[in-house]
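**Q** Sharing a structure below in structure tokens format, with a few things to ask.
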Amino acid sequence: MFATAIEEEIDIKGYVEINTDECKGCGLCVEACTTKVLSLSPCLNRYGYHTATNSDKPCNGCGLCFYVCPEPGAIKVFKAVN
Ligand code: SF4
Ligand code: SF4
């Protein structure tokens, strides 16, 4: 009951940032994101990969995309607690 009350009061949002130089376009983050924030870009980066890109859909800051990404530094998640 205590946890529910806190969850109702705190509005948690997030923002994800992709480093297109580090992303290899594997798509694991796209599959992991339950809110469909991420997709693979139709454009290629300078290494020839279709990199992950974010959309206008709201990110909840869950961090799943960060944890499944095999490339260190390719994805950052920022989480705001209001
Ligand atoms: S933090 Fe969660 S909701 Fe946000 S883009 Fe990553 S997987 Fe999707
Ligand atoms: S999981 Fe990482 S390397 Fe794979 S597409 Fe997403 S950001 Fe790129």
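**Q** Of I18, I75, how do they rank once you tally other Cβ atoms within 10 Å and put the fewest first?
**A** So the residues, fewest neighbours to most, are I18, I75.
**Q** Would you please state the base-10 log of I(q)/I(0) at q = 0.21, 0.27 1/Å for segment 12-81, with intensities from the Debye formula using one equal scatterer on every alpha carbon?
**A** Relative scattering, expressed as log10 I(q)/I(0), comes to -0.79, -1.26.
**Q** I need the phi-derived Karplus couplings for segment 69-77: 6.51 cos²θ - 1.76 cosθ + 1.60, θ = phi - 60°, integer Hz, Gly and Pro marked x.
**A** 6, x, 9, x, x, 7, 9, 10, 10
**Q** Pull out the extension gain between S55 and L40, defined as 0.36 nm times the separation in residues minus the alpha carbon to alpha carbon distance; nm, one decimal.
**A** Computed gain between S55 and L40 is 4.4 nm.
We did not get these values from a lab; they are worked out from the coordinates using the rules stated. Computed from a prediction, not measured in an experiment: that's the story for all the values here. Here the Cβ is made from the backbone with ideal geometry for all residues, glycine too, and neighbour counts use every protein chain on show.
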